[in-house]
Amino acid sequence: MKYFLSGVFLLCVVILSIAGFRGASTQRPPFEIFPDMDRQAKLLPQEKNRFYADSRSSRKPVSGTISRSEPFEDTPVNTGRVKGGTNFVETIPVAVTPELLKKGRQQYGIYCAVCHGATGDGNGITTQYGMTVVANFHDYQTRKMVRAPAGSIFNTISNGKGLMGAYAPKLSISNRWAVVAYVRALQRSRLATIEDVPQSERDNLE
């Protein structure tokens, strides 16, 4: 027992000798166990930096990045809404190209088809496991998805809705619009009318 008490006493002495007494004053510099926590390798504002040709330590943000101190830019591309308002944009605010549709088909197959089905009819693999409340992009009765503005679909992909989770952490803004474009293409594939076909091609169909 005496060895145990002696060990505890010595341990207390070692701790006090290293950490010191709380609130005590001393002229000696503190004992730094991890000096890099106090003395980090960094450049202070306006400090000279020999690494760059202009010797400036303060640099502009890297092109294409957004500073945390700057607000998120309120544009239809980023939000899916009319700038400065709450209404969703009706049409896709980016150029719809074959490359965009190809990317949309790829991302749709990865993230959306499992629930909404390959054709967008809401009969994905999850319906076999009891998940029956899945949006049908070709809904003739309510026509909610058909009439939904492009910005509304973008918002649903970004933030989720009902049982559907948010996909903003998984899909970039450009990829989300690509999925919206592909959803529109799926709808056109089933809901298109003869008026949607160019006049020069109608004879081949009729």
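The values are calculated or read from the model by the stated rules, or taken from the named source; none is laboratory data. All values derive from a computational prediction rather than experimental measurement. All Cβ positions, glycine included, derive from the backbone under ideal geometry; neighbour counts span all protein chains shown.
General remarks:
- Gly160 being buried (at least 20 other Cβ atoms within 10 Å of the Cβ) and on the phi > 0 side of the Ramachandran plot: no
- Picking from residues in region 60-112 that are loosely packed, with under 10 Cβ neighbours inside 10 Å and on the phi > 0 side of the Ramachandran plot, the one that is modelled with the lowest pLDDT is Gly64.
- Matching residues, region 110-121, being hydrophobic (A, V, I, L, M, F, W, C) and either part of a loop (DSSP other than H, G, I, E, B) or touching a Cys at 6+ places or on another chain (Cβ under 9 Å) (or both): Cys112, Ala118
- Only one of the numbered conditions (1) within 26 Å of Thr65 (Cα to Cα); (2) touching a Gly at 6+ places or on another chain (Cβ under 8 Å) is not met by Val134, and that is (1).
- Among the residues of region 122-178, those that are in a loop (DSSP other than H, G, I, E, B), within 15 Å of the chain's Cα centre (by Cα) and hydroxyl-bearing (Ser, Thr, Tyr) comprise Tyr167, Ser172.
- From the list Pro98, Pro93, Pro76, the lone residue that is within 25 Å of the chain's Cα centre (by Cα) and free of Cβ contacts under 8 Å to residues at least 24 places away in the same chain is Pro98.
- Across region 187-199, the number of residues qualifying as touching a His at 6+ places or on another chain (Cβ under 8 Å) and at pLDDT 85 or above comes to 1.
- Here region 141-156 is the region considered, the condition is being touching a helix residue (DSSP H, G or I) at 6+ places or on another chain (Cβ under 8 Å) and at pLDDT below 80, and the residue that is farthest from Ile110 (Cα to Cα) is Val146.
- Among the residues of region 126-137, those identified as exposed (fewer than 14 other Cβ atoms within 10 Å of the Cβ) and either closer than 17 Å to Leu186 by Cβ or of a type in the set (S, T, N, Q) (or both) are Gln128, Thr132.
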